[in-house]
1. Kindly check whether there is at least one residue in segment 379-396 that is in contact (Cβ under 8 Å) with a residue 40 or more places away in the chain, of a type outside the set (Lys, Arg) and assigned to a strand (DSSP E or B).
2. For segment 227-274, what are the residues that are in a loop (DSSP other than H, G, I, E, B) and in contact with a helix residue (DSSP H, G or I) (Cβ under 7 Å, 6 or more places away or on another chain)?
3. Among the residues of segment 151-163, how many are closer than 20 Å to Leu108 by Cβ and within 14 Å of the ligand (Cβ to nearest atom)?
4. In this structure, is Met307 over 19 Å from the mean Cα position of the chain (by Cα) and of a type in the set (A, V, I, L, M, F, W, C)?
5. Those residues that are on the phi < 0 side of the Ramachandran plot, surrounded by fewer than 24 Cβ atoms within 10 Å (Cβ to Cβ) and either within 14 Å of the ligand (Cβ to nearest atom) or outside the structural domain of Val36 (by TED's automatic domain parsing) (or both), I need them from segment 175-196; list them, please.
6. Just checking, does segment 50-65 include any residue being over 22 Å from the mean Cα position of the chain (by Cα) and among the hydrophobic types (A, V, I, L, M, F, W, C)?
7. Taking into account only those residues within segment 128-150 that are of a type outside the set (S, T, N, Q) and more than 16 Å from the ligand (Cβ to nearest atom), which is surrounded by the most Cβ atoms within 10 Å (Cβ to Cβ)?
Amino acid sequence: MTAPPSAPSWAIEPVGPLHGDVRISGSKNAVSKLMVAALLADGASTIANAPRLSDVEITAGMLRSVGAEVVIEEDRVVIDAGTLAESRIPVSYSGLNRMPILLVGPLLHRIGEAFVPFVGGDRIGARPVDLHVDALRQFGAEVELTDQGLEAKAVKLHGARIRLNWPSVGATETVLLTAVQAEGRTVLENAAVEPEVVELALFLQRMGARIELQPDRRFVIEGVPHLAGAPQRLGGDRIEAFSYMVAGLATGGSVRITGCAQERLVTAITTLQRMGASFEITDDSITATADHLRSCAVRTSPHPGFMTDWQPPLVVLCTRAHGMSVVHETIFEDRLGYIDALQRMKAEVELFEQCLVGDPCRFQETGARHSALVRGVSPLQGAEVEMPDIRAAFAYLIAAAAADSPSILHGVHHLERGYDQVFDKFSELGLGIRQLDS
Ligand code: EPZ
């Protein structure tokens, strides 16, 4: 069964426990970054195991707008930037995803100037780009913020010593994408070391970059004058993997995932084990089952901690666990905004401004409601809800599957931006899922 290409709303009919196999796709948060990196080469790069997402199409459109050739065939993306001619990303790409700011470094290297429109992405916090801009200036770029986006110029970029005041994934990627061809050495301290960041670094190394990762969150990069196109197969999406395992557990069933390495899921597995889940782990697959789920206390944090993108499915799972769970979100200040719809589904969740698990975080005393108390087990009822962002969208889908009555989910484009063939994968797990005419 295949969902029509653009599905605005779905009707969900819960069927009880979801069981079955899910093949996890390549990582959403790596594929677009590798596509941007491919602009640094004057030959073709091939990315295999790419997820089929609208986010990939959006990024491909941006690359084509500056003259790159991009071909997407099934799960392969081929990018040839030998034909790069333009330095300006059209403002029509404003607000669609986080890629525009990452394009600045590569465009400066290739063309000497860049215009990128304002970045978008999910509305889960303020998400400024100050760390990106500061880093670009330290490489010697002239950067000006206008009312439409960011203008940058550079005759030559040179290596820099940069310390991030927070290990931002995006700012680390901006530094990597700029340092690899900047003249001399760059040292980046307090860098993000998420698997998707390392995946980008490995791809750049294949292209000919000289990158070293030290154990203390430090990248040391020696700039090289030339990078060549390279092939890379993407690793499995750890967010998708966790989400499907939780979909199985939350409905009282069991999902076996393949295509995502255990090493990407260590903290997720440990957290679910503490909640009472059992795991069968082989070289090829991971299966989670649970007879009785217990409450948990979880604080999101940069890798290798419990990742923020796992938080919305976890909160839904907490409604199925016996006792009072506590979740403290420390990465994005507004990432619990999706809770109101879960409350309408009768989830017993309360939000707090205080830092409720572990050390106080950056959002202490900011007024941001970034901790949640979740009482379980609370029976969930179906509802009609609007999905606000990618990860909350999947959490609502899990809640709808675990509810005792049907739901209608609007805003399916969020799911299509972030998850490969989610309609088909849930259908194969047995969920009653139907496209509604707009
Ligand atoms: C990436 O976002 C991911 N997006 C996010 O996934 C993920 O949640 C996040 O990293 C954290 O792991 C993509 O890879 C496309 P950050 P990014 O820079 O790079 C602050 C999803 O659903 N910050 O690590 O934007 C920022 O406000 C998405 O797939 C600054 O203050 O995240 C936030 O509080 C959602 N100034 C924190 O750092 C800056 O210049 C972490 O942001 C940059 C960031």
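1. Yes, some residue in segment 379-396 is in contact (Cβ under 8 Å) with a residue 40 or more places away in the chain, of a type outside the set (Lys, Arg) and assigned to a strand (DSSP E or B).
2. The answer is Leu227, Gly229, Ala230, Leu234, Gly235, Asp237, Thr251, Cys260, Leu265.
3. 1
4. Spelling it out, it is not the case that Met307 is over 19 Å from the mean Cα position of the chain (by Cα) and of a type in the set (A, V, I, L, M, F, W, C).
5. Answer for segment 175-196, where residues must be on the phi < 0 side of the Ramachandran plot, surrounded by fewer than 24 Cβ atoms within 10 Å (Cβ to Cβ) and either within 14 Å of the ligand (Cβ to nearest atom) or outside the structural domain of Val36 (by TED's automatic domain parsing) (or both): Ala192, Val193, Glu194, Pro195.
6. Scanning segment 50-65 turns up no residue that is over 22 Å from the mean Cα position of the chain (by Cα) and among the hydrophobic types (A, V, I, L, M, F, W, C).
7. First, the residues of segment 128-150 that are of a type outside the set (S, T, N, Q): 128-137, 139-145, 147, 149-150.
From the residues that got through so far, the ones that are more than 16 Å from the ligand (Cβ to nearest atom) too are 140, 142, 144, 147.
Working: Gly140: 17, Glu142: 13, Glu144: 11, Asp147: 5.
Within segment 128-150, the match that is surrounded by the most Cβ atoms within 10 Å (Cβ to Cβ) is Gly140.
Every residue, every condition in (1) away from the ligand (no atom under 14 Å from the Cβ); (2) surrounded by fewer than 19 Cβ atoms within 10 Å (Cβ to Cβ); (3) farther than 20 Å from Leu415 by Cβ, yes or no:
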site	(1), (2), (3)
Thr308	no, no, no
Val316	yes, no, no
Met324	yes, yes, yes
Val327	yes, no, yes
Thr330	no, no, yes
Arg335	no, no, no
Gln343	yes, yes, yes
Lys346	yes, yes, yes
Gln354	yes, yes, yes
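The values are calculated or read from the model by the stated rules, or taken from the named source; none is laboratory data. As the structure is a computational prediction, the values presented were derived from the model and not from experiment. Don't worry about glycine lacking a Cβ; one is built from the backbone with ideal geometry, like all the others, and counts go over all protein chains shown.
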